[in-house]
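What follows is a single structure, written as structure tokens, with notes after it.
The values are calculated or read from the model by the stated rules, or taken from the named source; none is laboratory data. Note that this is a predicted model, so its numbers are computed, not measured. Here the Cβ positions follow ideal geometry from the backbone for every residue, glycine too, while neighbour counts run over all protein chains shown. Just the protein is used for accessible areas: all its heavy atoms, side chains included, with ligands, DNA and RNA removed. Shrake-Rupley method; radii C 1.70, N 1.55, O 1.52, S 1.80 Å.
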Amino acid sequence: MVSTNELSKELLETIFKDIAKSLKQLRGKDKVELIIVGGASILLNYDFRASTTDIDCYDTYGLLMNDIMSNIGDKYNLPNDWINTDFLNTTSFTPKIVQYSQYYKTYGDVLTIRTIKDEYLIAMKLKAGRDYKHDLSDILGILQSNSNINLEMINNAYINLYGCLDSVNKEAYAMLVGIINK
């Protein structure tokens, strides 16, 4: 048993395999899809962050209410909210993330993981713009990891997700423009 409150990319991969194994046992060949956002999406897609404290996901199947998640949390000594849909109640949530999510990997032929990445993840981080979280440092890390992302792409992603730029966090956006202009 692992004892940690931090989730690394390696642990995420192990957990997803465990979820798939449990799904096969309980549901047979039923397929489940989770869309991962936030810090866990950063871990899966980039190398600039070592860990996250939870997995924020969009769960259209009601999987998170399942005993599977409780059992896996117990197995790895994780807090009760180690995987959650709390971000659904934040300003950065939009159901349009389904449309703009990208395939990451399928585990055990039953669990498909999709993520939000690149300009769309930056757009979500801009919408949230929380100083007390990793939003601003994550934006910088994403930009450093993918030099092909430009302000027009980010603006378009934001508009695709939220309709217009009026609701963007002004301080976070100013920081973004400064970084891109450098």
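Working carefully through the options Lys127, Lys96, find the one that is basic (Lys, Arg), on the phi < 0 side of the Ramachandran plot and modelled with pLDDT of 95 or more.
Working: Lys127 fails: modelled with pLDDT of 95 or more.
Testing whether each residue is basic (Lys, Arg), on the phi < 0 side of the Ramachandran plot and modelled with pLDDT of 95 or more leaves just Lys96.
Of everything in the stretch 22-44 that's polar (S, T, N, Q) and more than 21 Å from Asn89 (Cβ to Cβ), which residue is most open to solvent (accessible area, probe 1.4 Å)?
To start, the set of residues in the stretch 22-44 that are polar (S, T, N, Q) comprises 22, 25, 41.
From what is left, the residues that are more than 21 Å from Asn89 (Cβ to Cβ) are 22, 25.
Details: Ser22: 32, Gln25: 139 Å².
Among those residues, the one meeting the criterion is Gln25.
Residue pairs, Cβ under 9 Å, 6 or more apart or interchain, first in the stretch 4-18 and farther than 16 Å from Asn84 by Cβ and of a type in the set (Val, Ile, Thr), second modelled with pLDDT of 95 or more and outside any loop (DSSP other than H, G, I, E, B). List them.
Cβ pairs passing all conditions: Thr4/Leu11.
Count, please, the residues in the stretch 172-182 that happen to be open to solvent by 30 Å² or more (accessible area, probe 1.4 Å) and either of a type in the set (Lys, Arg) or within 22 Å of Val37 (Cα to Cα) (or both).
Going through the stretch 172-182 one residue at a time, the tally reaches 3.
Take the residues in the stretch 45-80 that are open to solvent by 30 Å² or more (accessible area, probe 1.4 Å), under 16 Å from the mean Cα position of the chain (by Cα) and of a type in the set (Ser, Thr, Tyr); name whichever of them is nearest to Ser92 (Cα to Cα).
Here the residue is Tyr58.
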